[in-house]
Amino acid sequence: MATLALRTLTGGSVACSMWQLADGMLRTSRITQAEYDTFAVAKGGVGDAPGRPAPDATFLMAVGGIPALNTADGWPVPGDFWTRFDPELNETVLTLCTGPDINWTYRGAVAVDPGKGASSRVTGLLARVSGHRVAARAGQFAVVGGRLALAQALLDRGLTISDRVLTIAPALRDERVTLLDELWPNHRSVTFDASSSGQADTGTSLTVSHTIASQSNRYLLASVAMRSGQTVSSVAYNSVALTQRRREDTGVGAATEVWDLVAPSVGTANIVFTFSADTSAVGGGLSAYGVDQTTPRTTTTGSQGNSASTEPVLTVASAVGELVFTHTGFTDTATGALTIDATWTSLWSLENSSSGNDRGGGGAYIAGATSVTRTDNLTTPAGSWAMVGVAIKAAATSSLVFPNYPIPHLIGR
């Protein structure tokens, strides 16, 4: 464990030298920038290198110009963390020191006969050093008032913080990897929480039990497919009213609506659809978190068709980091069935039998992109279909504080 400390640069630099011990093991020693300048720069690597860890150790290489942190010796210790703006990524990056070892790399180095005599020297080094690191991009962490908050992705990998104490799971500590280029769900992306569904052959209401997890920036969508011409009088979750966002009605058999609620309560409660008249219906809910609480939707759209010869299809404009939900409602005269587009994650596909035509519906979601298209299949003798879709917007990052000062570059092993 280590007490967490937010670090900054001092404007100075530190250095290190690498050695091979008599037993073949490698050892890195921390030295001052002045020691490096004298040995590597002024003397060209000739003479006795600073930082010899043992009398019989063989010098291999020296590295200098490493940006120093505001610690006593300029080096990070486990629990230190810092941020920097990476112009290549165009975002702020977090580095978290999780171990005492020095891991480093260099560019433009010239090594002559390393470690074997007076001619040994290394010049032209550009070093990047910290310790063991866990790295993350903006949106996977927040620094607010000097305190570090981690997104679920880092917590899943074995990092936990309690009362400003950092705990590192052994499996993660032993990895010694930079996680910079891994892509995880984070709080700049909408994350699926849960779904629920149900059906009613007849009646003026449909009740579906739904559980919402304790997460930040919660959002609930509820969608229902019913007989054309019938409408939904109200939808409520835990007795709190939802708002209608889209309705598609073919006029000859199928109608589908979608409703939403920002910041639904945590726990298990009922989604209750109340209809204007007796109808058969299929419906359900999708909850998500990491959703913008002011503008939770970027797109709300729909499509419809009146025969099985026209497959249900809907294209939804969205963006990376969003989550797109769609619901297809349909009617058929006997044995028609809906097959949901296999590229989407299916949430439910239900069909009921009323005294008249069958009613059915299928909900699904997919990660957002510039646009996403869902194409379902309806087997004959299917009738009409109506689809609705919503692109759920990720929570804005303006509430997160990402200090914008330079720090050592991330290097992984």
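Within segment 374-394, the set of residues being under 18 Å from VAL258 (Cα atoms) and either open to solvent by 20 Å² or more (accessible area, probe 1.4 Å) or in contact with a Lys or Arg (Cβ under 7 Å, 6 or more places away or on another chain) (or both) comprises VAL388, VAL390, ALA391, ILE392, LYS393. Residue check: is SER287 under 24 Å from ALA367 (Cβ atoms) and crowded, with 21+ Cβ neighbours inside 10 Å? When the stated conditions are applied, SER287 passes them. Of all the residues in segment 28-86, those that are in a strand (DSSP E or B) and under 18 Å from GLY12 (Cβ atoms) number 14.
A search for C-beta distances below 7 Å between a residue of segment 213-235 that is without any contact (Cβ under 8 Å) to a residue 60 or more places away in the chain and under 22 Å from VAL291 (Cβ atoms) and any residue that is open to solvent by less than 10 Å² (accessible area, probe 1.4 Å) and part of a strand (DSSP E or B), counting only pairs 6+ apart in sequence or on different chains, returns VAL235/ALA222; VAL235/ILE271; VAL235/PHE273. Anything in segment 48-106 that is more than 22 Å from the chain's Cα centre (by Cα), open to solvent by 50 Å² or more (accessible area, probe 1.4 Å), at pLDDT below 75 and more than 20 Å from ALA34 (Cβ to Cβ)? List them, or say none. The answer is PRO100, ASP101, THR105. The single condition among (1) within 14 Å of ASP73 (Cβ to Cβ); (2) in a strand (DSSP E or B); (3) open to solvent by less than 70 Å² (accessible area, probe 1.4 Å) that THR10 does not satisfy is (3).
Residues checked against (1) in contact with a His (Cβ under 9 Å, 6 or more places away or on another chain); (2) open to solvent by 20 Å² or more (accessible area, probe 1.4 Å); (3) farther than 18 Å from SER384 by Cα; (4) in a loop (DSSP other than H, G, I, E, B):
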residue: GLY198; (1), (2), (3), (4): no, no, yes, no
residue: SER214; (1), (2), (3), (4): no, yes, yes, yes
residue: ASN217; (1), (2), (3), (4): yes, yes, yes, yes
residue: GLU248; (1), (2), (3), (4): no, no, no, no
residue: GLY251; (1), (2), (3), (4): no, yes, no, yes
residue: PRO264; (1), (2), (3), (4): yes, no, yes, yes
residue: ASN270; (1), (2), (3), (4): yes, yes, yes, no
residue: ASP278; (1), (2), (3), (4): no, yes, yes, yes
residue: THR294; (1), (2), (3), (4): no, yes, yes, yes
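Could we say that SER371 is modelled with pLDDT under 95, open to solvent by less than 40 Å² (accessible area, probe 1.4 Å), among the hydroxyl-bearing types (Ser, Thr, Tyr) and within 20 Å of the chain's Cα centre (by Cα) here? No.
When segment 230-245 is limited to residues that are open to solvent by 60 Å² or more (accessible area, probe 1.4 Å) and part of a loop (DSSP other than H, G, I, E, B), the one that is nearest to SER265 (Cα to Cα) turns out to be ASN238. Looking only at segment 23-47, count every residue that is open to solvent by 50 Å² or more (accessible area, probe 1.4 Å) and modelled with pLDDT of 85 or more and tell me the total. Qualifying residue count, segment 23-47: 6.
Here's the yes/no breakdown for (1) surrounded by 15 or more Cβ atoms within 10 Å (Cβ to Cβ); (2) at pLDDT 95 or above; (3) closer than 17 Å to GLN230 by Cα; (4) of a type in the set (Gly, Ala, Ser):
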residue	(1), (2), (3), (4)
THR300	no, yes, no, no
VAL313	yes, no, no, no
GLY321	yes, no, no, yes
THR326	yes, yes, no, no
LEU338	yes, no, no, no
THR343	no, no, no, no
GLU351	yes, no, no, no
ARG359	yes, no, yes, no
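The values are calculated or read from the model by the stated rules, or taken from the named source; none is laboratory data. What you are looking at is a predicted structure, and each value in this text was computed from that prediction instead of being measured. Please note: Cβ atoms are built from the backbone with ideal geometry, for glycine as well, and neighbour counts cover all protein chains shown. Areas reflect the complete protein model, heavy atoms only, side chains present, ligands, DNA and RNA absent. Shrake-Rupley method; radii C 1.70, N 1.55, O 1.52, S 1.80 Å.
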